[in-house]
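Structure first, then comments.
Bear in mind that the values in this text are calculations on the coordinates, not laboratory data. Worth saying up front: this structure is predicted, and the values here are computed from it rather than measured. Heads up, the Cβs are rebuilt from the backbone with ideal geometry, glycines too, and the neighbour counts pull from every protein chain shown.
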Amino acid sequence: MAQIEQKQMLETIIKALDSKRAEDIQLIGIKDLTIVADYFVIANGTSNTQTKALADEVEFQLKQKGIEPIRTEGYQDATWIVLDYGNVVVHVFYKETRDYYKLERLWQDGEQIDISDYIIKE
């Protein structure tokens, strides 16, 4: 995946989450820490319905660009949905589940990337 394509992909993911009012969207660069992925995108919804809608929107927007997830997990109970796009893994949490697992703390050595350019200001 070319760098510009990855940047566009991250922008698409973040804008999709933002368009459905995801809370606290984080982009963490982890390529120096693990072979799992280059980036984690972490966000949460305030209900299971919103969490599912957030994940659906990410999938829909990327599908429009011809990008399908390698695998998805967590749609059943929609408390932690994982969309695996290879170099980019999207974690969409229900708020309480996110507070419990504190994924950002586990990956605090990762690079916190500024996403303010991708977020629509209120």
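Across region 37-81, the qualifying residues are those that are small (Gly, Ala, Ser) and in a helix (DSSP H, G or I), and the one among them that is farthest from the chain's Cα centre (by Cα) is Ala53.
Scanning region 1-51 for residues that are among the small types (Gly, Ala, Ser) and in contact with a strand residue (DSSP E or B) (Cβ under 8 Å, 6 or more places away or on another chain) returns Ala22, Gly29, Ala37, Ala43, Gly45, Ser47.
Here is a yes/no grid of residues against (1) touching a residue at least 24 places away in the same chain (Cβ under 8 Å); (2) under 18 Å from Thr51 (Cβ atoms); (3) of a type outside the set (Asp, Glu):
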{"residue": "Ala78", "(1), (2), (3)": "yes, yes, yes"}
{"residue": "Leu83", "(1), (2), (3)": "yes, yes, yes"}
{"residue": "Gly86", "(1), (2), (3)": "yes, no, yes"}
{"residue": "His91", "(1), (2), (3)": "yes, yes, yes"}
{"residue": "Arg105", "(1), (2), (3)": "no, no, yes"}
{"residue": "Gln112", "(1), (2), (3)": "yes, no, yes"}
{"residue": "Ile115", "(1), (2), (3)": "yes, no, yes"}
{"residue": "Ile120", "(1), (2), (3)": "yes, no, yes"}
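The set of residues from region 19-33 being assigned to a strand (DSSP E or B) and surrounded by 13 or more Cβ atoms within 10 Å (Cβ to Cβ) comprises Glu23, Ile25, Gln26, Leu27, Ile28, Gly29. Within region 23-36, the residues that satisfy the criterion of being within 10 Å of the chain's Cα centre (by Cα) and of a type in the set (A, V, I, L, M) are Ile25, Leu27, Ile28. Would you be able to tell me the number of residues in region 82-121 that are part of a strand (DSSP E or B) and within 18 Å of Ile14 (Cβ to Cβ)? Looking only at that region, the number is 12.
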